[in-house]
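The values are calculated or read from the model by the stated rules, or taken from the named source; none is laboratory data. Since this is a predicted model, take the numbers as computed values, not measurements. Every residue, glycine among them, receives a Cβ derived from its backbone with ideal geometry; neighbour counts consider all protein chains shown. In case anyone asks, the SASA skips ligands and DNA or RNA and just uses the protein heavy atoms, side chains included. Shrake-Rupley method; radii C 1.70, N 1.55, O 1.52, S 1.80 Å.
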Amino acid sequence: AQRVTQPEKLLSVFKGAPVELKCNYSYSGSPELFWYVQYSRQRLQLLLRHISRESIKGFTADLNKGETSFHLKKPFAQEEDSAMYYCALSGSGGGADGLTFGKGTHLIIQP
Amino acid sequence: GAGVSQSPSNKVTEKGKDVELRCDPISGHTALYWYRQRLGQGLEFLIYFQGNSAPDKSGLPSDRFSAERTGESVSTLTIQRTQQEDSAVYLCASSRPPAYEQYFGPGTRLTVT
């Protein structure tokens, strides 16, 4: 069975400090990994996906198959980064098995 | 253009009653997903529709749950004989080819009293 683990329910850092939100997954095949973000009073939206290898809003995430991790990083946190962050996995079913989400990490950026 | 819409935004119902939740996907999106999010939990995948294909219902939590979709348009999620453990936010998402980015609706918050 596929599983996504986000060990931190809450992460609080000061503005300008580096941020790392952890995500580990369990899947026997080749998964596709995503980070979704939900800002206050907004709907869930895609932040980035591993196959794009992009940097969105200064965030990056590298898929480490050896450690089965997909940690989200940003070198200098900004107050507008405060939000709920969800790591998600899509298996090899072409979307038919939906996304498997972690329980989310609430990121708070203190001024 | 308009995003995914869901109605109602909030629903309070008594235990034992039936409820129907509606999702309007983005026009042209062939894939549609339903998820459930209980308080403090991640999103739990319920069911997936792709075009006119029959959906895989194995992710639905019990036989009290059913979902329908007409073609590539509106979908309804029906919960019969609601129980308190059905209280959750029900989210709908749609996408173009199934493996592409999923666009989420605002959700329906269901409270069973």
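Is at least one residue of the stretch A:85-98 open to solvent by 60 Å² or more (accessible area, probe 1.4 Å), under 16 Å from the mean Cα position of the chain (by Cα), within 12 Å of another protein chain (Cβ to nearest Cβ) and modelled with pLDDT of 95 or more? Break it down into steps so the answer makes sense when it comes.
Of the stretch A:85-98, the ones open to solvent by 60 Å² or more (accessible area, probe 1.4 Å) are A:92.
Applying the additional criterion that residues be under 16 Å from the mean Cα position of the chain (by Cα) yields none.
Checking the stretch A:85-98: not a single residue is open to solvent by 60 Å² or more (accessible area, probe 1.4 Å), under 16 Å from the mean Cα position of the chain (by Cα), within 12 Å of another protein chain (Cβ to nearest Cβ) and modelled with pLDDT of 95 or more.
Here's a check for you: in the stretch B:59-82, which residue that is among the basic types (Lys, Arg) and closer than 27 Å to residue A:1 by Cβ is farthest from the chain's Cα centre (by Cα)? Out of the qualifying residues, it is B:64. Screening residue B:40 with (1) modelled with pLDDT of 95 or more; (2) closer than 19 Å to residue B:87 by Cβ; (3) open to solvent by 30 Å² or more (accessible area, probe 1.4 Å) gives one miss only, at (1). Residues in the stretch B:6-35 that are within 11 Å of the chain's Cα centre (by Cα) and either open to solvent by 50 Å² or more (accessible area, probe 1.4 Å) or of a type in the set (S, T, N, Q) (or both): B:6, B:7, B:20, B:22. For the criterion of being over 22 Å from residue A:6 (Cβ atoms), crowded, with 17+ Cβ neighbours inside 10 Å and more than 14 Å from the chain's Cα centre (by Cα), residue B:85 fails. For the stretch B:69-113, how many residues are touching a residue at least 60 places away in the same chain (Cβ under 8 Å), at positive phi and more than 14 Å from every other protein chain (Cβ to nearest Cβ)? Of the residues in that region, 1 qualify. Return yes when residue A:51 is open to solvent by 60 Å² or more (accessible area, probe 1.4 Å) and within 14 Å of chain B (Cβ to nearest Cβ) and no when it is not. Answer is yes for this residue. Could you look through the stretch B:101-113, keep only residues that are open to solvent by 40 Å² or more (accessible area, probe 1.4 Å), assigned to a loop (DSSP other than H, G, I, E, B) and modelled with pLDDT of 90 or more, and pick out the one that is farthest from residue B:43 (Cα to Cα)? In this case the residue turns out to be B:113.
Report, by residue number, each residue of the stretch B:46-71 that is surrounded by 18 or more Cβ atoms within 10 Å (Cβ to Cβ) and closer than 22 Å to residue A:90 by Cα. Even if it seems obvious, please write down each step before you answer.
If we filter the stretch B:46-71 for residues that are surrounded by 18 or more Cβ atoms within 10 Å (Cβ to Cβ), which is where we start, we get B:46-50, B:55, B:59-60, B:65, B:67, B:69.
Result: B:46, B:47, B:48, B:49, B:50, B:55, B:59, B:60, B:67.
For the stretch A:66-78, state whether one or more residues are at pLDDT 95 or above, surrounded by fewer than 20 Cβ atoms within 10 Å (Cβ to Cβ) and hydrophobic (A, V, I, L, M, F, W, C). Yes.
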